[in-house]
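The values are calculated or read from the model by the stated rules, or taken from the named source; none is laboratory data. The model shown is predicted, which means the values in this text are computed figures rather than measured ones. Cβ: placed from backbone, ideal geometry, glycine included. Neighbour counts: every protein chain shown. Only protein heavy atoms, including side chains, enter the accessible area calculation; ligands, DNA and RNA are left aside. Shrake-Rupley method; radii C 1.70, N 1.55, O 1.52, S 1.80 Å.
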Amino acid sequence: MALSPTGPPGQRLSARAKDLVVTLAVTAVVMGGTVWGMRNVTESLWQAVTGWSLLSVACGALYFRRHRPIGVALVTLLACAVYYPVSANDGPVMLAFVIALYTAAVDGRFAAAAALGVVAMLLVVYGEVLQEPGQRKVDDMSIMMLAGWLLSLLVLARAQRTRAAYLAEVRGRALAAEREQEARAQQSATEERLRIAREVHDVLGHSISLINVQSSAALHRLSKRQPGPADDDTPAADLATAQEALEAVKTTSKDALGELRATLGMLRQADESAPTAPTAGLEQLPGLLAGARSTGLDVRTETVGTPCPLPPPLDLAAYRIVQESLTNVTRHARAGRATVTLTYSAEDLRLRIDDDGKGSPDESARGSGIRGMAERAKAFGGELTACNTADGFRVSARLPLRPPFEGEL
């Protein structure tokens, strides 16, 4: 089996053209050498016809040597075996057999090529043994040289075969490495898109949910106005409540824009200015809880253990989990109270968000919110669960302070 892969039609035509060039070149050398050697030789008509026919067959068979290397080598050997005893001239038709033998060895048929080489030498020796004393055309030294020449030819073909195999393996490894690099780049791009999608979802989902609840409260209060020409018909308490809700909408939307700019800053080019907003983390938790309280939700916090500084990525993940949990509470649960519990230990940070909601938690679980929180926890070697409780709904997350792969680096 040839090492060179089958290429496109242009390359196949190029290979055939090369075979044709080699065939024509060998034919020219063999025919020219034969004509030159027959200047002073006379032979009968049947010898001439048989000899030139054998030369044509041996040289023409070389065109098919890539597709049938052993068959072509055998044909050229038989042509030589018949030509030399019949013809009165010892022409260079042996060159056709040598090229066919080399092609077979390079093609990987080394054992068959070696066997044909041995047969060729035995035929030469046998032919010389049959000659009358003093009529030998090849002496012992020439036979030894011919054997060494054929052996060197086989060794050279074997080396060429090994080199071709090595180059093919190198090309295969380079192609595999290139494909692996492309696959890794595509995976990295996919992971980055998912990460940015989670950030945008958490930032906008939480803020827009608060804006929706606060604006709904303001519209509810304003809808209580009695029809009349004067604003005095509107209760002052309702107007004050509506004004507070609209102020909260303004503050929440401003914060949302700031966080969105910080998130989209990850997509900026190197020559653009970087965002100046601080990275979200548990230090911003009081502001997050204040926004949830502005919707009427009673949010409480509990801290167990001694708080410690967290790596920025882990701090951001913890903040986003609390943020998304409170977003689901205000959007779906119709809860009146929620408790955020932070438990610090030497090994991990545990988060627990409990609410007394009466809504269906499955509605939010089917969305991307809980799935995004679970992906965040999993990225740090932790886990997240969301389930019903006797009093409402609970989200629990565990974030290891040292990722499991850190010790392996």
request  = For the range 76-175, with all protein chains present and a 1.4 Å probe, just round the carbon and sulfur fraction of the accessible area to a whole percent.
outcome  = 69
remark   = In this structure, the FRET efficiency calculated for Thr306 and Arg184 from their beta-carbon separation, with R0 = 45 Å, to the nearest 0.05, is 0.65
remark   = Once both label points are put 7 Å beyond Cα along the C-beta direction, the Glu283-Leu175 separation in nm becomes 5.4
Förster radius 60 Å - calculated FRET efficiency between Leu123 and Glu192 (Cβ-Cβ, nearest 0.05) = 0.25
query = What shape does the range 50-131 take by its C-alpha gyration tensor, where a ≥ b ≥ c are the square roots of the eigenvalues and a/c under 1.5 counts as rounded, a/b above b/c as prolate, and the rest as oblate?
reply = oblate
query = Label-point separation (nm) for Val49 and Trp149, each offset 7 Å from Cα along Cα-to-Cβ?
reply = 3.2
query = Could you sort Asp315, Asp140 by accessible area so the largest value comes first, with the probe set to 1.4 Å?
reply = Asp140, Asp315
ask   = In debye to the nearest 20, how big a dipole does the range 62-167 give about its Cα centre with +1 on each Lys and Arg Cβ and -1 on each Asp and Glu Cβ?
value = 640
Rounded to the nearest 10 Å², the accessible area of Leu384 at probe 1.4 Å = 30
